[in-house]
1. Starting from the eigenvalues of the Cα gyration tensor, five times each then square-rooted, give me the equivalent ellipsoid semi-axes of region 325-375, largest first, whole Å.
2. If contacts are Cα pairs under 8 angstrom and at least 6 residues apart, what is the relative contact order of region 384-473 in percent?
3. Could you work out the mean projected area of the convex hull around the alpha carbons of region 117-169, in square nanometres to one decimal?
4. Over the chain, what relative contact order in percent results from Cα pairs under 8 Å that are six or more residues apart?
5. Tell me which lysines have Cα within less than 18 Å of residue 244's Cα, excluding those fewer than 8 residues away on the same chain?
6. Based on the alpha-carbon set only, what is the convex hull volume of region 10-219 divided per residue, in Å³?
7. Run the quick spin-label model on residue 455 and residue 139: label points 7 Å from Cα toward the beta carbon, then report their separation in nm to one decimal.
8. Read through the labelled values [x] 0.98; [y] 1.06; [z] 1.36 and report the label of the one computed as Rg/Rh (Cα atoms, Kirkwood Rh) from the structure.
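Any read-out appearing in this document is the output of simple, stated calculations on the displayed coordinates, not a laboratory observation. From a predicted model like this one, the values you see are computed outputs, not experimental measurements. Quick reminder, even Gly has a Cβ in these numbers, built from the backbone with ideal geometry, and neighbours come from all protein chains shown.
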Amino acid sequence: MFTKLFTAQQIKEIDRQTMLRQNISSEALMERAVTNLFFHLVNKVNKKYPTYIFCGKGNNGGDALVLARLLHEINLPVKCFSVEFTPKSSPDYTVNYRRLQELGVEIVPVKTREDLPDIPEKALIIDGIFGTGLSRPATGIAQAAIDHVNQSGSEIISIDVPSGLYVDKSNEKQDSMVQADKVLTFQFPKISFFYPENASYVKDFEVVDIGLEQSVIDAMPARHFLLTDKVLQMIKKRDKFSYKNTFGHAFIVGGSYGMTGAPVLSSQAAMRIGAGLVTNLLPRCGYTISQTAVPEVMTLTARKKKYIDEIQAPEKISATGIGMGLGQHPETQKALKKFLKSYHKPLLLDADALNILAQHKDWWKHIPENSILTPHEGEFKRLVGGWKNDTEKWIKLKQFALDISAVIVLKGAYTLISDGEFFYINPVANPALATAGSGDVLSGMITGLLAQGYQPLEAALLGVYMHSQTAEKYTAHHPDYTMMARDIIEMLSQKQKPE
């Protein structure tokens, strides 16, 4: 259901235990890893132009030298440059350095800026300067080599991680890091690949299975998980003798003058995701819109024409989603506070409900335990304040979830979900979802799942993943810029395919 993501120290330990349990040397593991990487890479190499391979003197540099040898053995032109940022070298680097020399391949030492080569634009650059063990910023000739590679204008492929990028924490803004067009990463993605601040350094990545011991991976504890298609296995089968009340009653509260489309989209999504019954609560101006746009949904109205002034949940509702297009009128704020103080069923809070709570942090104590909050980054900043980097943002997300005993869905290119203990990362970053109403649809989907009896974390994970998969389906046949929120709802009707 999930792919574990590990810290740099854990990756080192998994490598060590793999060698012990499989009774292989570090050199043999490196050979196997890079051979598998070679098959991912070989079709990208152009015989007309040389491949420029930059290696450091650690094990990542050893990987680069093994790759240089494999490319040379099939008569592809390679040029190797050893970045001499230290007089020491790892044993695996040394072994593979000698092997390459024995084949007659020149390895040019790079000790000063003057040693850096001119690189033609159509060349392919392989970056193997630093790997996952890096714990401090690149300096000196290593920094110069990274900057030189970035300025070349050539395609850059990094081995395992872009050189200079930390695996499990944020870099400083001034750090030099390779801006990789693609990263061929070993066994599993790295945590920092999913930081928005690293978008220019990890434009794309591909996972290369290198045969690390699965029993070791299974036993290694993790706090970061990547969602996979197996999440869809959580979808519950329906009994043929079911009826509408079996699948719950979702209550969608939102809308204000000019913003009634938001709760209408949410209610459509709640129906489409399988809620048996859905009721909208809107200001009076939204009555005709709701009844016309979604005849399957029951509609209640507040006393006021342009905003909601009272929130009274129907007696038999199963879950509530509140905030979409709600507005922040003073009477609406009072109504929200009163509702929170008396409500004890599954709850999702979104949009203006979050903006109101950001203004009244003393109201947080009234949020029911295990509620789901779905802020985008701007809303999250209003709730918890700013942050200096993505590592700090993730820490604040986890702490916020703990403080209010809730599940937080931080929406974005890689939507992040935390229950205060673990982080779950949605691997889909599809710009088609950057469209008005997309978040309203997601809120309706999650509320509809809550109404059907899914646990809050299950509803958040399943809703987020299914929401993102609609974009993948849509963009398989249409330009991403043409997608609208209503298309997300329509794509939900297509068959889900769990592995």
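1. Details: eigenvalues 50, 31, 20 Å².
Taking √(5λ) for each Cα gyration eigenvalue gives 16, 12, 10 Å.
2. Values: 95 pairs, mean separation 19.7, N = 90.
Relative contact order comes out at 22 percent.
3. 3.7 nm²
4. Numbers: 1057 pairs, mean separation 63.7, N = 499.
Across the chain, relative contact order equals 13 percent.
5. 236, 316
6. Numbers: hull volume 24.0 nm³, N = 210.
Hull volume over Cα atoms, normalised by residue count, gives 114 Å³.
7. Distance between label points: 4.8 nm.
8. Among [x] 0.98; [y] 1.06; [z] 1.36, the one calculated here is [y].
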